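One structure is given here, and the rest of the page talks about it.
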Amino acid sequence: MAKKPKFQSPTGMHDILPEEQKYYERIYEVVSKMADFYGFGKIDTPIVEDTDLFSRGIGLSTDIVKKEMYTLKTKGGDSLSLRPEWTAPIVRSYIEHGMYSKPQPLKLWYFGPCYRYERPQAGRYRQFWQFGFEIFGEDNAVIDAQIIQIFYNILKELKLKNISVEVNSIGDSNCRPYYKKLLSNYFRSRESSLCSNCKKRLKENVLRVLDCKEEKCQPIKVEAPQIIDHLCDSCHAHFKEVLEFLDEIDLPYNLNPHLVRGLDYYTNTVFEIFSGKGDIKNALGGGGRYNKLVKLIGNKDIPACGAAGGVERIISLMKEQEIEVGKVPEIQIFLAQLGNLAKRKSLRLLEDFRKARVRVAESFGRDSLKVQLNRADKIGSKYTLILGQKEALEGVIIIRDMASGKQDIVKLEEVVAKVKKKLK
Ligand code: AMP
């Protein structure tokens with residue numbers, strides 16, 4: 001067995017090799033076009049932030065803050081953390097740059113890596129890429145529906161099949177406390193049948209019990225009171241409107257009374273998009289409304305709504321569904337050279353082809369014509385240009401038709417135009 005190299009990428013983190021890049025590029029292309037159409041401005045934030053921003057923004061009782069952050073102490077004694085998600089940093093930036101005084105709603109989008117110290121497994125990494133959309137300064141339900149629509153459209157545009165959208169409302173500070181009390185009473189009376197994790201959740205954040213995937217908790221969950229029956233009038237009206245907007249645009253969705261999402265900052269609408277069915281559902285993205293977060297971070301009462309998608313999960317589904325991406329146009333021309341003068345002239349010639357937007361392959365490191373012609377054959381080039389010492393001195397070049405073996409000699413300064421004509 002081959003010995004493992006001494007150095008490997010950190011656990012749960014992966015190189016994105018040249019052959020993988022086309023997937024990232026394709027997703028970026030679809031996401032950025034969608035952002036452009038809907039009037040979102042792109043934002044980048046530092047990869048690290050003040051640790052308190054996340055503890056406060058995401059919530060002390062969440063798994064992310066409790067155990068998944070990469071936190072470091074700077075030489076100056078500050079505590080910084082690699083971003084586990086983008087919403088809190090974007091809210092920080094929105095406030096810091098006074099974006100609330102610009103015309104609202106203000107729309108931002110992003111694309112970049114996140115870090116969570118999770119147990120690595122299929123579809124769960126320690127470094128993974130997210131894209132996302134955030135809309136600030138508008139409380140209307142049409143915004144919630146638009147965010148869901150954008151995510152759904154992106155996945156459709158990527159030609160993914162078997163996608164399902166699940167939505168729920170988790171109320172607000174008006175109605176949620178009462179519901180949480182009801183839920184606590186319900187689960188407490190059945191505490192001995194819950195898994196050990198849920199026993200902890202029961203104390204820290206009872207809503208998270210609804211999130212549990214353990215077999216033994218399922219029958220208890222099914223019977224639990226549903227928040228939908230306990231929303232206050234305004235939350236009820238908001239949620240009803242969101243669903244009406246989704247109906248209006250014929251966006252298929254399922255109501256999922258157990259959907260709560262892992263982060264504390266949500267109010268009202270939450271949604272998640274899955275691939276697959278039953279137990280093997282895989283979350284591709286999710287989000288919702290977070291009307292209290294801007295206040296929590298920056299003391300400004302500004303409603304907001306947004307969502308994030310997981311790039312690696314989407315890529316893995318694209319591969320599973322054999323979706324073709326980024327077919328690089330074939331290289332039809334190979335430039336072979338022999339000798340120093342020819343090499344010098346080849347360098348300039350290659351530049352002329354680049355300017356004329358004709359892709360040309362070469363193998364400047366090789367000096368044997370046989371090796372170079374073999375390579376031209378391998379990449380399936382239609383024509384090979386041969387520039388030897390004699391041709392270089394005379395200012396001409398040979399165009400060899402690889403299929404027929406026929407060769408033409410043309411002036412160096414005319415070769416780009418001649419090749420372009422042959423390729424038409
Ligand atoms: P979240 O805000 O945690 O729901 O994350 C949004 C999306 O990012 C999820 O639906 C996943 O597609 C993706 N995601 C979250 N955590 C990870 C991870 N550890 N590895 C890969 N993708 C992830």
Test result for C235, in the same structural domain as G309 (by TED's automatic domain parsing), touching a Cys at 6+ places or on another chain (Cβ under 6 Å) and open to solvent by less than 20 Å² (accessible area, probe 1.4 Å)
yes
Pairs where the first residue, in region 251-269, is touching a residue at least 12 places away in the same chain (Cβ under 8 Å) and within 11 Å of the ligand (Cβ to nearest atom) and the second is part of a loop (DSSP other than H, G, I, E, B) and among the hydrophobic types (A, V, I, L, M, F, W, C), C-beta under 6 Å, 6+ apart:
Y266/I170
Given (1) assigned to a strand (DSSP E or B); (2) open to solvent by less than 20 Å² (accessible area, probe 1.4 Å); (3) touching a residue at least 60 places away in the same chain (Cβ under 8 Å); (4) more than 11 Å from the ligand (Cβ to nearest atom), K107 misses just (2)
Identify the single condition in (1) open to solvent by 30 Å² or more (accessible area, probe 1.4 Å); (2) part of a loop (DSSP other than H, G, I, E, B); (3) within 16 Å of the ligand (Cβ to nearest atom) that K300 does not satisfy, given that it satisfies every other one.
(3)
Of all residues being among the aromatic types (F, W, Y) and open to solvent by less than 10 Å² (accessible area, probe 1.4 Å) in region 110-147, which is farthest from D301 (Cα to Cα)? Just the residue, please.
F131
Is it true that A88 is within 12 Å of the ligand (Cβ to nearest atom), closer than 16 Å to N291 by Cβ and assigned by TED's automatic domain parsing to the domain that holds I314?
yes
What are the pairs with Cβ atoms under 7 angstrom where one residue, in region 124-139, is within 12 Å of the ligand (Cβ to nearest atom) and the other, located anywhere, is β-branched (V, I, T) and open to solvent by 20 Å² or more (accessible area, probe 1.4 Å)? Sequence gap at least six, or different chains.
R126/T11
What are the residues in region 229-248 that are within 14 Å of I170 (Cα to Cα) and either touching a strand residue (DSSP E or B) at 6+ places or on another chain (Cβ under 8 Å) or not acidic (D, E) (or both), if any?
H230, L231, C232, S234, C235, H236, A237, H238, F239, K240, V242
Residues of region 306-359 being open to solvent by 20 Å² or more (accessible area, probe 1.4 Å), in a helix (DSSP H, G or I) and more than 16 Å from the ligand (Cβ to nearest atom), which ones?
N340, L341, K343, R344, K345, L347, R348, L350, E351, D352, R354, K355
Any chance region 372-379 includes a residue that's assigned to a loop (DSSP other than H, G, I, E, B) and more than 36 Å from the chain's Cα centre (by Cα)?
no
How about region 198-232: which of its residues are surrounded by 16 or more Cβ atoms within 10 Å (Cβ to Cβ) and among the charged types (D, E, K, R)?
R201, R208, D211, K221
Filter region 247-273 for residues that are over 29 Å from P89 (Cα atoms) and open to solvent by less than 30 Å² (accessible area, probe 1.4 Å) and give the result.
L251
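The values are calculated or read from the model by the stated rules, or taken from the named source; none is laboratory data. On a predicted model such as this, the values are computed, not experimentally measured, just so you know. Reconstructed Cβ throughout: ideal geometry from the backbone, glycine too, with neighbour counts over all protein chains shown. Calculation scope for accessible area: heavy atoms of the full protein, side chains included, ligands and nucleic acids excluded. Shrake-Rupley method; radii C 1.70, N 1.55, O 1.52, S 1.80 Å.
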